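Inspection log for the structure reproduced underneath, given as structure tokens.
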Amino acid sequence: MNAPVTLTDRLGATGTANALELRGVSKIFGALAAMQDITMTVRPGERRAVLGSNGAGKTTLFNCITGDFPPSGGSIRFFGEDITRFPAHERIRRGLRRTYQISLLFAGLSVLDNIYLACRGVSRGRFSFWRPGRDEALMASAENLVRVVHLDDARLTPVAELSYGQQRQLEIAMALSGAPRFILFDEPAAGLSPTERRELIEILTGLPGHMGFIIIEHDMDVALRVAESVTMMHNGRIFKEGKPAEIEDDPEVQALYLGGGHG
Ligand SMILES: Nc1ncnc2c1ncn2[C@@H]1O[C@H](COP(=O)(O)OP(=O)(O)OP(=O)(O)O)[C@@H](O)[C@H]1O
Ligand SMILES: [Mg+2]
């Protein structure tokens, strides 16, 4: 089988701007500073892991990037454009995605139909008129995404009959359906068996090279295998940044991790 041509073709040029640029981003909930002064740059195509103990501010970081919660301060640029005050749907329209929750899947429909509907939803937003042959093109994209997330054998299986791990793989396909430029994965390996984790690692490392992502992951092993850079958060701040090997060998990081507090 060829490389995922359709997906690659549908992705636009990434240009020279950084995929993400956060400057002094903070998020205050009442008296709690969930995130403070986060400054971070992610290049196009870069794969970054965000590690940190429970409550470190990792999901809050994602919510500020996606626009689910506007930041209390600072600025966020996406491929050069200031999106700090954009509503979530405007960020989605520009190619920013995060993995969907299981509740967004249609339990009675097959894997292929779910992905097809996700592809159609994206396409409808872009084309307001009927185009002959549209369905075949969308079905080809859906079939391609089935392969990208290793669900070939389950393509006609109803979602309700999938294993938990397969459902998480399907969520990844849903996030990929709009030809995203950048994806945020919030603990995609949570609850997976060792075999399912290996599968996930293969899927993530097999994504087209120019498709960058940030992955929040408690499992250091998964994070260090799929990411080329690591940001370690602690108490709402960036605690350490570096290459996976540097982070793994860092005594302070080890103390923090072995000291407990993550799970
Ligand atoms: N909507 C909210 N309202 C109030 N406080 C919140 C809200 N969301 C998060 N927080 C608080 O902000 C802090 C950071 O939470 P966040 O969910 O970002 O942590 P996390 O690093 O994702 O943790 P985990 O590993 O448990 O998922 C926590 O103290 C949390 O209780
Ligand atoms: Mg979280």
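Computed quantities for the displayed model
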| read-out | value |
| --- | --- |
| Within a Gaussian network of the chain (alpha carbon springs, distance under 10 Å), most fluctuating of Val148, Val50, Val253 | Val253 |
| Pair-distance profile P(r), taking every C-alpha pair of region 189-263, with 10 angstrom steps and integer % | 16, 50, 30, 4 |
| Candidates Phe62, Phe182, Phe86, ranked by Gaussian network fluctuation over the chain, Cα under 10 Å, top entry | Phe86 |
| Thr39 versus Arg23: modelled label distance in nm, points set 7 Å from Cα along the beta carbon direction | 1.0 |
| Virtual spin-label span in nm between Asp135 and Lys243, 7 Å along Cα→Cβ | 5.2 |
| Segment Glu228-Asp153, extension gain: residue separation times 0.36 nm, minus the distance between their alpha carbons | 23.9 nm |
| For Arg47, distant residues with modelled amide H under 5 Å away | Phe213, Glu228, Ser229 |
| Point-to-point label distance, Leu32-Asp68, nm (Cα→Cβ direction, 7 Å offset) | 1.5 |
| Most mobile listed residue (Ala173, Ala142, Ala107) in the chain, GNM with C-alpha springs under 10 Å | Ala107 |
| Contour excess over end-to-end distance, with Cα ends at Ala160 and Arg85 and 0.36 nm allotted per residue | 23.2 nm |
| Stretch gain in nm, segment Asn235-Arg94, where the contour uses 0.36 nm per residue and the Cα spacing is subtracted | 47.7 nm |
| Where GluC sites (Glu not before Pro) fall in DSSP loop in region 169-238, at most 14 other Cβ within 10 Å | Glu228 |
| Sum of side-chain charges, Glu246 neighbourhood, beta-carbon under 15 Å (Lys, Arg +1; Asp, Glu -1) | -3 |
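Read-outs throughout are calculated quantities, based only on the coordinates presented, and are distinct from any laboratory measurement. Quick caveat: nothing in here was measured; it's all calculated off a predicted structure. Counting neighbours? That spans all protein chains shown, and the Cβs are built from the backbone with ideal geometry, glycine included.
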